[in-house]
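Enquirer: Supplied in structure tokens, the structure appears directly below.
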Amino acid sequence: MRITLDPGHGQFGNPGVLPGYYEGTRVYMLAQLLKRELECYEDTEVIITRKRIEDNPSLANRGGEAAKNGSVLFISLHSNAASNPAAHGVSVFRSIKRPDSEHLGRLLGAAVVDTMKKHTDITYLRGVMTRTESFDGQIQDYYGVIRSSVKSESVRYSYIIEHGFHTNLTECGYMFSDEALQQIAEAEAEVIAAYFNLKKKDGQMCDYIEYVVQPGDTLTSIARKYGTTWRVLAEYNKLQNPDLIIDGQIIKIPLSTEINTGDVVRIKEDKDTYYPGGNPFPKWVKDYDYVVGKTADSRGEPVYRGGDKCVLLGSKINRKTGAHGSSINSWASMEYIEKIRAEKI
Ligand SMILES: [Zn+2]
């Protein structure tokens, strides 16, 4: 299924109450994160209306993009503004032409509120609303992005989500953190996946995250943020000139494939023994995933078997139900297993 995300405004559109906050920059980053979360699901393609951070297409072209590309869902991402600095809360607007979209709008609004509220205390759902105007005697959507998106029948769901107020110190402070945007992206993606019954790509995890270059960033400063080196990033992104990165450029940060205690692993298809020269697997062993119990012995020394560094396979996990079973307590070569996901603690 196709989804169009529309980060509102341009790069320096709508400064917030905190210096350096621009709605147009923050929601652009949110769109990138949400795209990554959504594309972890099968058959999901996400198009962002602003190809580059500095792009600022017309309202008609933003909604028009969704109408043109056959999206089912269109979301315009914003943070709100008011002259009263006390104004706060999350608003969702839906299309008057799509009465069936009320429910998903409510789920999305509630998910954003739940996420923000853990950190801001004050955030609440102002409502899932329509805003209309009369044109040539016809009632139509007031907001241009919504109006232009629902010109196509394919767009069954069209929303504007206002993620709190950037004129409110507390909510602006929350939206200013990269972690907050990631939390919101995860919450929104979960709601969308559940609503449309999307399946997580089997046994695959996103092996990188996308970082949007901000003014003042260097490859070294980005690398430091993610505990890697500029060399690794330059190579991974195939950068011709590592000294030349520009605002709004996307740098892929490879996620570690290192295996740690607590990670969930799977035995590689082409392996028949636990480690080189070790015991053959009993038939059922490969049907399960495993939680890594240990990566070293009791003295903290790595364990070698058959010349390979090994980890202890702990409790087995039923791949269909996710249920944990008893531990199998077998050492297996790190080379023979692959990481499925880092277990959340
Ligand atoms: Zn806005």
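The values are calculated or read from the model by the stated rules, or taken from the named source; none is laboratory data. Note that the structure is predicted; figures quoted are calculated from it, not measured. FYI the Cβ positions are ideal-geometry reconstructions off the backbone, even for glycines, and counts take in every protein chain you see. For the accessible areas, the whole protein counts, side chains as well, though only heavy atoms, and no ligand, DNA or RNA atoms are used. Shrake-Rupley method; radii C 1.70, N 1.55, O 1.52, S 1.80 Å.
Enquirer: Is the shape of region 264-341 best called rounded, prolate or oblate, per the rule: a/c under 1.5 gives rounded, else a/b larger than b/c gives prolate, else oblate, with a ≥ b ≥ c the square roots of the Cα gyration tensor eigenvalues?
Expert: Oblate.
Enquirer: Would you work out what percent of the accessible area of the chain, with all protein chains in place, is carbon or sulfur (probe 1.4 Å)? Before the final figure, lay out the partial values.
Expert: Values: 8500 of 17330 Å².
That share works out to 49 percent.
Enquirer: Can you give me the relative contact order of region 1-49 as a percent, contacts being Cα pairs under 8 Å and 6 or more apart?
Expert: 47 percent
Enquirer: Can you give me the relative contact order of the chain as a percent, contacts being Cα pairs under 8 Å and 6 or more apart? Before the final figure, lay out each step's value.
Expert: Working: 706 pairs, mean separation 53.3, N = 345.
Once divided by the residue count of the chain, the mean separation gives 15 percent.
Enquirer: Estimate the FRET efficiency between K252 and S327 by the formula 1/(1 + (r/R0)^6), using the beta-carbon distance for r and 51 Å for R0, to the nearest 0.05.
Expert: 0.90
Enquirer: Near the amide H of G127, under 5 Å away, which other amide H atoms are found, from residues 5 or more places off or on another chain, if H is placed in the peptide plane?
Expert: V92
Enquirer: Between region 1-33 and region 42-83, how far is it from one alpha carbon centroid to the other, in angstrom?
Expert: 11 Å
Enquirer: Right, something else. In debye to the nearest 20, how big a dipole does the chain give about its Cα centre with +1 on each Lys and Arg Cβ and -1 on each Asp and Glu Cβ?
Expert: For the chain, the charge dipole is close to 480 debye.
Enquirer: Report the gain in length on full extension from E102 to E39: 0.36 nm times residue separation, minus Cα-Cα distance, nm rounded to one decimal.
Expert: Gain on extension, E102 to E39, equals 20.3 nm.
Enquirer: Using the reciprocal of the averaged 1/r over all distinct C-alpha pairs, how large is the Kirkwood radius of region 1-52 in Å?
Expert: Numbers: mean 1/r = 0.0859 Å⁻¹.
Taking every pair of different Cα atoms in region 1-52, averaging 1/r and inverting gives 11.6 Å.
Enquirer: Let me ask something else. Answer with one residue from S101, Y21, Q182: the one whose Cα lies farthest towards the positive end of the charge dipole of the chain, charges on Cβ with Lys, Arg +1 and Asp, Glu -1.
Expert: S101
Enquirer: Note down the magnitude of the dipole of region 208-254 about its Cα centre, charges +1 on Lys and Arg C-beta and -1 on Asp and Glu C-beta and zero elsewhere, to the nearest 20 debye.
Expert: It comes to approximately 160 debye.
Enquirer: Also, I was wondering about something else. Checking the cross-link filter: which lysines have an alpha carbon closer than 22 Å to that of K283, excluding same-chain neighbours under 8 positions apart?
Expert: K268, K271, K316, K320, K339
Enquirer: Helix 59-69 sits at what angle to the longest principal axis of the chain, using alpha carbons and giving 0 to 90 degrees rounded to 10?
Expert: 50 degrees
Enquirer: Continuing with the same structure: So for the chain, what are the equivalent ellipsoid semi-axes in whole Å, largest first, each being the square root of 5 times an eigenvalue of the Cα gyration tensor? Each step should come with its number before you reach the end.
Expert: Details: eigenvalues 370, 112, 70 Å².
Working through the eigenvalues yields semi-axes of 43, 24, 19 Å.
Enquirer: With a cut-off of at most 15 other beta carbons within 10 Å, and DSSP calling the residue loop, which chymotrypsin sites (Phe, Trp or Tyr not before Pro) in region 111-146 qualify? Please list them.
Expert: Hits after loop and neighbour filter: Y124, Y142.
Enquirer: About the Cα centre of region 252-323, what is the dipole size in debye to 20, counting +1 per Lys and Arg Cβ and -1 per Asp and Glu Cβ, all else neutral?
Expert: Dipole of region 252-323, to the nearest 20 debye: 200 debye.
Enquirer: Compare the Cα positions of P57, N168, V46 along the charge dipole of region 2-195 (+1 at Cβ of Lys, Arg; -1 at Cβ of Asp, Glu; about the Cα centre) and return the one farthest towards the positive end.
Expert: About the Cα centre, the residue reaching furthest to the positive side is P57.
Enquirer: Using a 1.4 Å probe, what is the accessible area per residue for the chain, in Å²?
Expert: Per residue, the chain has an accessible area of 50 Å².
Enquirer: A follow-up question, please. Does anyone have the angle between helix 23-38 and the longest principal axis of the chain? Alpha-carbon axes, 0 to 90°, nearest 10?
Expert: 40 degrees
Enquirer: Name the trypsin sites (Lys or Arg not before Pro) in region 250-295 that are in a loop by DSSP and that have at most 14 other C-beta atoms within 10 Å, would you? The partial results should precede the final answer.
Expert: Values: sites: K252, R266, K268, K271, K283, K286, K294; in loops: K268, K271.
The qualifying sites are K268.
Enquirer: Calculate one ³J(HN,Hα) per residue across region 269-276 by plugging θ = phi - 60° into the Karplus curve 6.51 cos²θ - 1.76 cosθ + 1.60, and present them in order as whole Hz with x for glycine and proline.
Expert: Karplus-based 3J(HN,Hα) across region 269-276 equals 3, 8, 9, 10, 10, 5, 7, x Hz.
Enquirer: Counting other Cβ atoms within 10 Å, which trypsin sites (Lys or Arg not before Pro) in region 94-142 have at most 15 and lie in a DSSP loop?
Expert: Details: sites: R94, K97, R106, K117, K118, R126, R131; in loops: K97, R131.
The qualifying sites are R131.
Enquirer: Would you work out which of Y226, N241, V212 lies farthest towards the positive end of the dipole of region 208-254, given +1 charges on the beta-carbon of Lys and Arg and -1 on that of Asp and Glu, about the Cα centre?
Expert: Y226
Enquirer: Here's another thing I want to ask about it. Can you give me the Cα centroid spacing of region 301-332 and region 243-294 in angstrom?
Expert: Result: 11 Å between the Cα centres.
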